[in-house]
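Nothing in this text is a laboratory measurement; each read-out follows from the coordinates by a stated rule. A quick note: this is a predicted structure, and the numbers were derived from the prediction, not measured. Heads up, the Cβs are rebuilt from the backbone with ideal geometry, glycines too, and the neighbour counts pull from every protein chain shown.
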Amino acid sequence: MKGRIQLSTRLGSMDLKLEAGFSDEIIIVSGENGAGKTTLLRCLAGLENVEGQITFSGKVWLDSSAGFVLPSKNREIGCLWTDTALLPWLGVEKNIILGSAFEDSVWLEELAELLEITDLMQRKPVMLSTGEAQRVALARAIYRKPSALLLDEPFSAQAPAIRQRLRDVLKSIQTRLMIPVLMVSHDLEDAENLADQHWRMREGRLLKEIVDTGKNRMKQA
Amino acid sequence: MIESLLISLQLALVTTAILLLIALPLAYLLAFKSFRGRTVLEVIVALPLVLPPTVLGYYVLLMIAPDSAVGRIWDSLFDSSLAFSFSGMVFASLIYSLPFAVQPMQQALRAIPKSWLEMAATQGLSLKQTLFQVMLPAARGGVLVAAALSFAHTMGEFGVVLMVGGSIPGETRVASIALFEFVEMQQASEAWMLALILLAVSFVMLSLVYTINRKSLSMVGGR
């Protein structure tokens, strides 16, 4: 296991109690609204003050019993939330490379092509549609080659025609970077086509199910 | 008249420049941090808004008097008196205009969407990078408003500068004191002209403040 999560905490009205492990794989997290899916990703990103332990790649991210919390900026993660948080005074390209320790124009071009945003690179965020903004934010999360991707409904604003292409792109990027991807999704097709693991959540608890996803069937064949 | 206007202008520019440097960390503390004594700090920053300028001037004068600690340090460093000098007026103006610099910046920093700050954290930006690449560009409207208000407020100071600086021609006689003296000496045309210039400065500065505020609101509301 590359990462381990053990949380036992109360956040507002939610009682979050779960234990799970993950490797370099795609994990789809689903469940009803208010089940704690986004909260789980926020805990992993270090954006919530919680009780428990999280370790990743041999590093401690959180150990509340020792009073240790690794700041978000040191976790080397790539995140996409429902609020894309693109900075309006920066162009698309500058938004994508924000915070990256390197500049790699070849990788940037390739990523832009994969996510179908090449024509948008000189625009300002205010000139983007919701779907385009979401793809730009996804590019920003991936560009810095993070050690894990945390994606909250990354395709929710995409037209059905482009969703399958984006799934393929995400799959190929995950394979190439060899990183875990934890992705909240309500779309059953995401679980069917992408998931190595499918975690279902209810009222802050993880109902870990071995789901017979299409990807698992392909692996077994 | 020109001389007093130039002194006011110089005082306003120096005060505004120094205030921006002092006010930014204070505004950051008050916008984002919880700490013991926070309320006391907020009250101290806001005090000049409600304190009569003469009272503030009186305390500043006591603070910088030649036999005070500040006065003695100043004297040993620069071999001059801080009281009844241009530097003394700058010192007093910094205190007097502090809330006009801190509060707009504090509000602008507080108005930055939480999602932008969280994005900065998860993208690995350090505090310095977050300050210069996210917070300051996002709060630039507040910084400009702080500068405009500090400048206009310092240009129009009367009670504090009179208490601390006196009215030494060519050194501490600012435009508002010169205006008072023109009226006292019944020099109507000079008083009229100086009042009009001060009114115009205030009008332009406030117009700038409202324009910036409108633009800042539309930026924070953008995607």
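Considered as an equivalent ellipsoid built on the Cα gyration tensor, region B:118-169 has semi-axes of 40, 11, 7 Å, the largest given first.
Using the structure shown, list the pairs from A:Lys59/B:Lys33; A:Lys124/B:Lys128; A:Lys73/A:Lys145; B:Lys33/B:Lys215 with a Cα-Cα distance above 20 Å, or answer none.
Check vs 20 Å cut-off fails for A:Lys59/B:Lys33; A:Lys124/B:Lys128; B:Lys33/B:Lys215.
Relative to the longest principal axis of the Cα atoms of chain B, helix B:69-78 runs at roughly 80 degrees.
Within straight-line reach of A:Lys2, meaning a Cα separation under 20 Å, sit the following aspartates and glutamates at least 8 residues removed in sequence or on another chain: A:Glu19, A:Asp24, A:Glu25, A:Asp63, A:Glu76, A:Asp196, A:Glu209.
Residues B:Asp67, A:Asp168, arranged from fewest to most other Cβ atoms within 10 angstrom of their Cβ, appear as B:Asp67, A:Asp168. log₁₀ I(q)/I(0) of chain A at q = 0.08, 0.18 Å⁻¹, via Debye over equal Cα point scatterers, no solvent, to two decimals? Reported log10 I(q)/I(0), two decimals: -0.28, -1.38. Residues in region A:25-34 carry Karplus couplings, in order, of 8, 9, 10, 9, 10, 10, x, 6, 4, x Hz; the curve used is 6.51 cos²θ - 1.76 cosθ + 1.60 with θ = phi - 60°, and Gly or Pro positions show x. The calculated FRET efficiency for the pair A:Asn33 and B:Ile22, based on their C-beta separation and a Förster distance of 41 Å, comes to about 0.30. Summary value for chain A: 29 percent relative contact order, contacts being C-alpha pairs under 8 angstrom separated by 6+ residues. Computed as a quarter of the hull surface, the mean projected area of the alpha carbon convex hull for region B:84-141 stands at 4.9 nm².
Here A:Trp199, B:Trp192, B:Trp116 are placed in order of increasing Cβ neighbour count within 10 Å, fewest first, which gives B:Trp192, B:Trp116, A:Trp199.
For region A:52-103, GluC sites (Glu not before Pro) are listed when DSSP marks them as loop and at most 13 other Cβ atoms sit within 10 Å of their Cβ; the list is A:Glu103. For B:Tyr210, B:Tyr59, the sequence from fewest to most other C-beta atoms within 10 Å is B:Tyr210, B:Tyr59. Treating the angle as unsigned and between 0 and 90°, give the value, to the nearest 10°, between the Cα long axis of helix A:160-177 and the longest Cα principal axis of chain A. Once rounded, one gets 70 degrees. Each Lys or Arg adds one and each Asp or Glu subtracts one; over the other residues with Cβ under 12 Å from the Cβ of A:Gln164, this totals -1.
To the nearest ten degrees, helix B:53-64 and the longest principal axis of the Cα atoms of chain B are 90 degrees apart.
Across region B:38-113, Cα-Cα pairs farther apart than 21 Å form 39% of the total.
Taking every alpha-carbon pair in region A:92-200 and binning the separations at 5 Å intervals from zero gives 2, 11, 24, 25, 21, 11, 5, 1 percent.
Each residue of region A:129-144 is assigned a 3J(HN,Hα), and the resulting list reads 6, 4, x, 5, 4, 5, 5, 5, 5, 5, 4, 4, 5, 8, 3, 7 Hz, derived from the Karplus form 6.51 cos²θ - 1.76 cosθ + 1.60 (θ = phi - 60°), x at Gly and Pro.
Test of understanding: in a Gaussian network model of chain B with alpha carbons linked when under 10 Å, which of B:Leu127, B:Leu62, B:Leu26 would top the mean-square fluctuation ranking? Ranking B:Leu127, B:Leu62, B:Leu26 by mean-square fluctuation puts B:Leu127 first.
Considering the dipole of region A:103-147 built from charges on the beta carbon (Lys and Arg +1, Asp and Glu -1) around the Cα centre, which of A:Ala133, A:Thr118, A:Leu108 is farthest to its positive end? In region A:103-147, that residue is A:Ala133. Estimated purely from DSSP H runs of n ≥ 4, each contributing -39500 (n - 2.57), the mean residue ellipticity at 222 nm for chain B is -25000 deg cm²/dmol once divided by its residues.
Cα gyration tensor of chain B, axes a ≥ b ≥ c as square roots of the eigenvalues: rounded (a/c below 1.5), prolate (a/b > b/c) or oblate? The shape class here is oblate. Assuming charge only on the beta carbon of Lys and Arg (+1) and of Asp and Glu (-1), the dipole of region A:64-221 about its Cα centre is about 400 debye to the nearest 20. Label positions at B:Lys128 and B:Thr39, each projected 7 Å from the Cα along the C-beta direction, are separated by 3.7 nm.
Here the Karplus curve 6.51 cos²θ - 1.76 cosθ + 1.60, taken at θ = phi - 60°, turns the phi angles of region A:87-101 into couplings of 7, x, 8, 9, x, 4, 4, 5, 4, 5, 8, 4, x, 6, 7 Hz, with x standing for Gly and Pro. The calculated Kirkwood hydrodynamic radius for region B:142-223 is 14.5 Å, given to one decimal from all distinct C-alpha pairs. Ratio of Rg to Rh for the protein assembly as shown: 1.14 [Cα atoms; Kirkwood radius as inverse mean 1/r over pairs].
Treating only the Cβ of Lys, Arg, Asp and Glu as charged (+1, +1, -1, -1), what charge dipole size does region B:2-220 show about its Cα centre? Round to the nearest 20 debye. Don't jump to the answer; show the numbers that get you there.
Values: 11 positive and 11 negative charges, 254 e Å.
Using Cβ point charges on Lys, Arg, Asp and Glu, region B:2-220 gives about 1220 debye.
Near A:Ala157, no amide H atom lies under 5 Å from its own; only residues 5 or more places off or on other chains count, and H is placed 1.01 Å from N. Model label points for B:Thr211 and A:Glu103, set 7 angstrom from Cα along the Cα-to-Cβ axis, are 3.3 nm apart. If I take all pairs of Cα atoms in region A:83-145, what percentage of them are more than 17 Å from each other? For region A:83-145, the share of Cα pairs beyond 17 Å comes to 26 percent. Summary of the geometry: region B:67-127 and region B:157-205, compared by the centres of their Cα atoms, lie 26 Å apart.
Would you work out which of A:Gly36, A:Ser23, A:Phe155 lies farthest towards the positive end of the dipole of region A:23-173? Charges go on Cβ: Lys and Arg +1, Asp and Glu -1. Value computed over the given set: A:Gly36.
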